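Asker: Could you have a look at this structure, given as structure tokens, before my questions?
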Amino acid sequence: MIRPILTEIGIFLIPFAVYALYLVASRSRLFAQSSWPGHVLAKLALGALLLTILSLVLLADFSGAPPVSTYVPAHIEDGRLVPGQSQ
């Protein structure tokens, strides 16, 4: 459960990292407050939210079993645990 959460946090941080790389490449002061004005932070946050929502939609749409498949839960077979699977 922690991996999907960390993945989404990483996706959210991508626009901020790209902007920080832009500041470094343009030789601007990275840690100066003037390099991170409010309107830029708002645009970065909006872009990050849109990117995160898009990744969640794509994850829900293209992962998992097909909609018509049948799930067989984990069970004991001949004394061994057989993991759950979609058929």
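Asker: When only residues in segment 1-30 that are among the small types (Gly, Ala, Ser) and within 30 Å of LEU59 (Cα to Cα) count, which is surrounded by the most Cβ atoms within 10 Å (Cβ to Cβ)?
Answerer: So in segment 1-30, the residues among the small types (Gly, Ala, Ser) come out as 10, 17, 20, 25-26, 28.
Subset that is within 30 Å of LEU59 (Cα to Cα): 10, 17, 20.
Values: GLY10: 12, ALA17: 11, ALA20: 17.
For segment 1-30, the residue satisfying everything is ALA20.
Asker: Now for a different question. From the set of residues in segment 31-58 that are outside any helix (DSSP H, G or I) and loosely packed, with under 13 Cβ neighbours inside 10 Å, which is modelled with the highest pLDDT?
Answerer: Kept after step one, since they are outside any helix (DSSP H, G or I), are these residues of segment 31-58: 31-32, 36-37.
This time we only want the ones that are loosely packed, with under 13 Cβ neighbours inside 10 Å, so: 31-32, 37.
Values: PHE31: 91, ALA32: 92, PRO37: 95.
That would be PRO37.
Asker: For segment 11-30, how many residues are part of a helix (DSSP H, G or I) and on the phi > 0 side of the Ramachandran plot? Step through it out loud before you land on a result.
Answerer: If we filter segment 11-30 for residues that are part of a helix (DSSP H, G or I), which is where we start, we get 11-25.
Cutting the leftovers down to on the phi > 0 side of the Ramachandran plot gives us none.
Count: 0.
Asker: Mind counting the residues in segment 2-24 that are of a type in the set (D, E, K, R) and touching a residue at least 12 places away in the same chain (Cβ under 8 Å)? Reasoning before the result, please.
Answerer: Taking segment 2-24 and keeping what is of a type in the set (D, E, K, R), we get 3, 8.
After this cut, where a residue has to be touching a residue at least 12 places away in the same chain (Cβ under 8 Å) as well, the list is 8.
Looking only at that region, the number is 1.
The values are calculated or read from the model by the stated rules, or taken from the named source; none is laboratory data. Keep in mind it's a predicted model, so treat the numbers as computed, not measured. Cβ atoms come from the backbone with ideal geometry, glycine included; neighbour counts cover every protein chain shown.
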